[in-house]
Amino acid sequence: MTTTAMRSHRCGDLRTEHAGQRVRLCGWVARRREHGEALAFVDLRDTSGVVQCVLNDGVDVRGEWVVQIEGTVRLRPEGTANPDLATGAVEVADCSVEVLNRAEPPPFPVDDRTDSDESIRLRYRYVDLRRPRLQSNLRRRAAVFAAMRAAMVRQGFVEIETPLLWTPTPEGAREFAVPSRLHRGDFYVLPQSPQIAKQLLMVAGFDRYFQIARCLRDEDLRADRQFEFTQLDVEMSFASADDVQAAVTEAVVDATEAATGERPAMVERLTWQQAMDRFGTDKPDLRFALELVDLTPLFAGTEVRAFAAPCVRALTVPGGASFGRNRLDGLVERAKTLGAKGLAWFKVNADEDGGEAKRLDSPLDKFLSDEERAGLLQRSGAAVGDLLLVVADEWRTACTVLGALRLELGRMPVGEGPRRFCWVTEFPMFEGLDEQGHPVAAHHPFTMPHPDDLPRLRSDPLAVRSQAYDLVLNGWELGSGSVRIHREDIQRQVFDALGITSEEAEARFGFLLSAFRYGAPPHAGFAVGVDRLVAILCGEENIREVIAFPKTQSGTDLMTGAPSALAPGALRELGLRTVPRD
Ligand code: ASP
């Protein structure tokens, strides 16, 4: 499969069993070392790896030149094998070399050990991508796509493409606009996801749809977010949330196995409420325990002013009793930055008279009643040597502040530990109010509210539960989905709650509301963020490392120079005029 007209083998595939064979290889000169005895060692690299070739030192080949080498594979002399290299037991000798193309010296060493300036790497991305780490990342990415596609097809899903030139939709992100040449002054919008299109495919009777879809959102870039990203996008008719989750789980577990060789253990489930209560976040990293403990009942009616709050929660930090004052002050400051009024700490030490008894060391200890002291130790389960962190506040603040501290104290690098997938279900429908006092959809406005909560849409929107769910892996949100609204009257009610008037709804989403009048089946779906999944499977902290041509943090492409000005003629044709920059 790997033989072509120009080569018989790939560099990285040569092993001891090839000894004695004449081979023809093509690739890049990875390294050249003069050896004496009029010889030079050249490591030849292609996509499969490197192999050492022994050349006459008169042959002029240099770093990153493209060459074809014909030679004979032989075992390396006794004591010179390199066990760290897959081809390290052999070398290619008696070589004839043809230079296929010379190269300028590379802008940085093409080597995984060096940490070159990222802006130079991105400017010369085609050189950067030669590095084994990126070669391996993009191959894993391809393995993930292949496994996902196979799993979806096997489960009876039909792959359907949806338009890139689309229309604005209220999914929550800022959109990219594309000016129309034929309809001057009008714009297409690039899809932030195929959300509405896939719902229309359900109305169209396609039952089980999937697509490996590009999505575009004009939002600030972060380690886990680019303007363009890829989703495994899924929608099913006559299906429950559980059906969707089962289908997606199969695809994701298969993809993980394809990329890493290991099938992940069971996928866990938490409701949103449980995730918030126990981990202080809706995307819990389950690789380490450190669960939050509820102390609200213990401190109901307390005399301790700092603990007189609607919610009191604690986090036990194993071994934290040894933290010095600076570190503790740092944690208090951090909690305040995260929005808490304060953070109380208690060191759990052994009582002076020995034995099992524990003592709390803290400026607050003298204010605690005996019952509170005993309750604190008992409910937290803290052992001698541990540190207890306590936040008393509104429920959400107490949970999220301790959740953030939990993550910082327990932080594990992306690639470490087991892969703990988790479904988080029963999200609230709205996550707060915007400046005009309208609720903001926690997922998107096509999400079906919990049937029991429909009457509260207007009167108490923040108490409305939704039928939305997320998939989380090791603290990263991999994707979201929901049971959808399939009835026009409910969709109108939700638009109304969001402050979208019926005229506006008709003008912007009339096509969707109209579709709902033509026989829309109950349906549900999901989308998995493939860039994030692949990054975690590759142990990369930044999704740029698993995308061939990513943008920088400020949204530029350092290689092509995009975004850049259009030629005046092109602007005229589009009916556009630009205003000078500020
Ligand atoms: N369209 C949603 C998103 O991009 C996913 C879904 O609900 O299927 O997050």
Candidates 221, 134, 182, 165, filtered to the one that is away from the ligand (no atom under 14 Å from the Cβ) and modelled with pLDDT under 95: 221
Those residues of the range 282-320 which are modelled with pLDDT under 95 and either among the polar types (S, T, N, Q) or touching a Leu at 6+ places or on another chain (Cβ under 6 Å) (or both), in sequence order: 302
Hits in the range 119-131 - residues which are in contact (Cβ under 8 Å) with a residue 60 or more places away in the chain and over 16 Å from residue 63 (Cα atoms): 119, 122, 123, 125
The range 434-462 - residue that is part of a loop (DSSP other than H, G, I, E, B) and within 15 Å of the ligand (Cβ to nearest atom) and, of those, nearest to residue 478 (Cα to Cα): 443
Within the range 185-204, considering residues that are more than 11 Å from the ligand (Cβ to nearest atom) and in contact (Cβ under 8 Å) with a residue 60 or more places away in the chain, the one surrounded by the most Cβ atoms within 10 Å (Cβ to Cβ): 202
Qualifying residue in the range 43-55 (condition: in a loop (DSSP other than H, G, I, E, B), touching a residue at least 24 places away in the same chain (Cβ under 8 Å) and of a type in the set (Val, Ile, Thr)): yes
Residue within the range 512-524 that is in contact with a Cys (Cβ under 8 Å, 6 or more places away or on another chain) and open to solvent by less than 40 Å² (accessible area, probe 1.4 Å) present: no
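Taking only the range 205-218 into account, find how many residues are of a type outside the set (A, V, I, L, M, F, W, C) and either more than 14 Å from the ligand (Cβ to nearest atom) or open to solvent by less than 50 Å² (accessible area, probe 1.4 Å) (or both).
Our first condition is that a residue be of a type outside the set (A, V, I, L, M, F, W, C); within the range 205-218, this holds for 205, 207-209, 211, 214, 217-218.
When the remaining residues are screened for being either more than 14 Å from the ligand (Cβ to nearest atom) or open to solvent by less than 50 Å² (accessible area, probe 1.4 Å) (or both), the result is 205, 207, 209, 211, 218.
The total comes to 5.
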Residues being β-branched (Val, Ile, Thr) and in contact (Cβ under 8 Å) with a residue 60 or more places away in the chain - total across the range 495-510: 1
Check on residue 366, in contact with a strand residue (DSSP E or B) (Cβ under 8 Å, 6 or more places away or on another chain) and either without any contact (Cβ under 8 Å) to a residue 12 or more places away in the chain or of a type outside the set (A, V, I, L, M, F, W, C) (or both): no
Residue in the range 265-277 that is closer than 30 Å to residue 153 by Cα and in contact with a helix residue (DSSP H, G or I) (Cβ under 7 Å, 6 or more places away or on another chain) present: yes
Evaluation of residue 349 against (1) of a type outside the set (A, V, I, L, M); (2) at negative phi; (3) modelled with pLDDT of 95 or more; (4) touching a helix residue (DSSP H, G or I) at 6+ places or on another chain (Cβ under 7 Å) (one fails), failing number: (3)
Count - residues of the range 259-281 that are open to solvent by less than 50 Å² (accessible area, probe 1.4 Å) and either under 22 Å from the mean Cα position of the chain (by Cα) or without any contact (Cβ under 8 Å) to a residue 40 or more places away in the chain (or both): 13
Among (1) in a loop (DSSP other than H, G, I, E, B); (2) among the aliphatic types (A, V, I, L, M); (3) in contact (Cβ under 8 Å) with a residue 24 or more places away in the chain, the one test that residue 289 misses: (3)
Residue in the range 235-243 that is more than 17 Å from residue 421 (Cβ to Cβ), within 16 Å of the ligand (Cβ to nearest atom), modelled with pLDDT of 95 or more and part of a helix (DSSP H, G or I) present: yes
Given (1) modelled with pLDDT of 95 or more; (2) touching an Asp or Glu at 6+ places or on another chain (Cβ under 6 Å), index of the condition residue 69 fails: (2)
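The values are calculated or read from the model by the stated rules, or taken from the named source; none is laboratory data. These figures come from a predicted structure and were not determined experimentally. Note that we place each Cβ from the backbone using ideal geometry, even for glycine, and neighbour counts take in every protein chain shown. Heavy atoms of the whole protein, side chains included, go into the accessibility calculation; ligands, DNA and RNA do not. Shrake-Rupley method; radii C 1.70, N 1.55, O 1.52, S 1.80 Å.
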